[in-house]
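Trainee: Below: one structure in structure tokens.
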Amino acid sequence: MKIFIAGAGGFVGGALLERLSGHELILPSREPGKLRGKAPNGTFPVFTEDLEKLVTGAAPEVVINLLGILNETPSASFDLVHREYTRRLLAGARAAGVKKFIQMSALGAAPDAPSEYHRSKFAGETAVRESGLPYAIFRPSFITGPGQKFAKDLEKLARFLPVFAVPSDAFVAPVGTEAVAACFARAAEDGSIKNEIFELAGERTVNFRELVSESLKASGFSRLVIGLPRKFFFPLLPLFGLFPEPPMTREQYLMMASPNVPSGKFRGVKDLLAA
């Protein structure tokens, strides 16, 4: 099967490439050399803003969109990456007669979400659902696993911080990157999975104090982690903004406004991966 993956160089992409290594993969990238060793059956066109042309030129059977950002930059807004890039990929997919479009979204995606991140994710979902193409949309909770930026950032901070203060009233249901990759691969290979949204989460719900504490211990650091109400951090956001890499952005603060856990309205990891 010929599968086009946008965003294959990211956190989830690495695990997904292993799962789909037996297929013919088209992997656009700004740095193609970094992907060559991970996909023996891959082709590596240079990533450009003309995503429609990239898809039509590849003529794949399946398109997987993993493109996403957690923080905006002058050259990449949430709207551009999550909505507009999705629209361009869909235009190419329709023109190429793609059999299925698989979209990475996020738990919390909603038209009236507090954060622009989640609103833009929902806008991407809406474009997929209204495209007329068979689709699968995945909404993962907090994804854990090797190479995760969150864990790397904590390690950097732990080298000079003896104490961490984090929200104790913000909740996630961590899900492993291997489980997420397995769900994407299953959707790509199973023609019966279509026109459905999935919520991907682990079996435990934890608050951010527990999440940070466990991540630090897994990295070999023993640090005191203090849990405080989320609202305590709001007046500190302007100060955080002065850091080259803020410990918390306004968007991240808003993303914590509601628990990042499954609603129970959609199928999840166990449903997809059950033997």
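Yes/no per residue for (1) among the polar types (S, T, N, Q); (2) under 18 Å from Ala136 (Cα atoms); (3) crowded, with 20+ Cβ neighbours inside 10 Å:
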{"residue": "Gly13", "(1), (2), (3)": "no, yes, yes"}
{"residue": "Leu20", "(1), (2), (3)": "no, yes, yes"}
{"residue": "Ala39", "(1), (2), (3)": "no, no, yes"}
{"residue": "Pro60", "(1), (2), (3)": "no, yes, yes"}
{"residue": "Asp79", "(1), (2), (3)": "no, no, no"}
{"residue": "His82", "(1), (2), (3)": "no, yes, yes"}
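Trainee: Determine if region 203-217 includes at least one residue that is among the hydroxyl-bearing types (Ser, Thr, Tyr) and surrounded by fewer than 18 Cβ atoms within 10 Å (Cβ to Cβ).
Mentor: yes
Trainee: For residues in region 134-186 being over 23 Å from Phe232 (Cα atoms) and of a type in the set (D, E, K, R), which is nearest to the chain's Cα centre (by Cα)?
Mentor: Only one residue tops the list, namely Arg139.
Trainee: If I go through region 35-48 residue by residue, how many of them are touching a residue at least 12 places away in the same chain (Cβ under 8 Å), of a type outside the set (Ser, Thr, Tyr) and assigned to a loop (DSSP other than H, G, I, E, B)?
Mentor: Of the residues in region 35-48, 7 are touching a residue at least 12 places away in the same chain (Cβ under 8 Å), of a type outside the set (Ser, Thr, Tyr) and assigned to a loop (DSSP other than H, G, I, E, B).
Trainee: Further question on the same structure: Could you go through region 207-227 and let me know if any residue there is out of contact with any helix residue (DSSP H, G or I) (no Cβ under 9 Å at 6 or more places or on another chain), hydrophobic (A, V, I, L, M, F, W, C), closer than 30 Å to Leu157 by Cβ and part of a loop (DSSP other than H, G, I, E, B).
Mentor: No, every residue in region 207-227 fails to be out of contact with any helix residue (DSSP H, G or I) (no Cβ under 9 Å at 6 or more places or on another chain), hydrophobic (A, V, I, L, M, F, W, C), closer than 30 Å to Leu157 by Cβ and part of a loop (DSSP other than H, G, I, E, B).
Trainee: For region 85-106, which positions are touching a His at 6+ places or on another chain (Cβ under 9 Å) and of a type in the set (A, V, I, L, M, F, W, C)?
Mentor: Once the filter is applied, which keeps residues that are touching a His at 6+ places or on another chain (Cβ under 9 Å) and of a type in the set (A, V, I, L, M, F, W, C), region 85-106 yields only Ala106.
Trainee: Going by the conditions given, is Glu189 in contact with a Pro (Cβ under 6 Å, 6 or more places away or on another chain), at pLDDT 95 or above and within 30 Å of Ala127 (Cα to Cα)?
Mentor: Answer is no for this residue.
Trainee: Follow-up. Looking at Gly220, Gly268, Gly241, can you tell me which residue is crowded, with 17+ Cβ neighbours inside 10 Å and of a type outside the set (A, V, I, L, M, F, W, C)?
Mentor: Sole residue among the options that is crowded, with 17+ Cβ neighbours inside 10 Å and of a type outside the set (A, V, I, L, M, F, W, C): Gly268.
Trainee: What single numbered condition from (1) in contact with a helix residue (DSSP H, G or I) (Cβ under 8 Å, 6 or more places away or on another chain); (2) at pLDDT below 95; (3) within 23 Å of Ala15 (Cα to Cα) fails to hold for Ile102?
Mentor: Going through (1) in contact with a helix residue (DSSP H, G or I) (Cβ under 8 Å, 6 or more places away or on another chain); (2) at pLDDT below 95; (3) within 23 Å of Ala15 (Cα to Cα) one by one, Ile102 breaks only (2).
Trainee: Just a yes or no: is a residue in region 132-142 at pLDDT 95 or above and β-branched (Val, Ile, Thr)?
Mentor: Scanning region 132-142 turns up at least one residue that is at pLDDT 95 or above and β-branched (Val, Ile, Thr).
Trainee: With the requirement that a residue be more than 23 Å from Lys2 (Cα to Cα), of a type in the set (Gly, Ala, Ser) and surrounded by fewer than 19 Cβ atoms within 10 Å (Cβ to Cβ), what does region 158-200 give you?
Mentor: Within region 158-200, Ala158, Ala165, Ser168, Gly176 qualify.
Trainee: Continuing with this model, one more query. Scan region 114-127 for residues that are surrounded by 19 or more Cβ atoms within 10 Å (Cβ to Cβ) and touching a residue at least 60 places away in the same chain (Cβ under 8 Å) and jot them down.
Mentor: Ser115, Tyr117, His118, Glu125
Trainee: A further question follows. What pairs can you find where one residue is in region 130-144 and more than 14 Å from Ile197 (Cβ to Cβ), the other is among the hydroxyl-bearing types (Ser, Thr, Tyr), and their Cβ atoms are less than 6 Å apart, with a gap of 6+ or different chains?
Mentor: Ile143/Thr177
Trainee: While we're looking at this one, here's another question. Name every residue in region 8-26 that is more than 17 Å from the chain's Cα centre (by Cα) and part of a loop (DSSP other than H, G, I, E, B), in order of residue number.
Mentor: Leu20, Ser21, Gly22, His23
Trainee: Now for a different question. Considering only region 62-78, I want to know if a residue exists there that is acidic (Asp, Glu), at pLDDT 95 or above and over 15 Å from Glu130 (Cα atoms).
Mentor: No, that holds for no residue.
The values are calculated or read from the model by the stated rules, or taken from the named source; none is laboratory data. It should be emphasised that the depicted structure is a prediction, and the values quoted were computed from it without experimental measurement. Backbone-built Cβ (ideal geometry, glycine too); neighbour counts: all protein chains shown.
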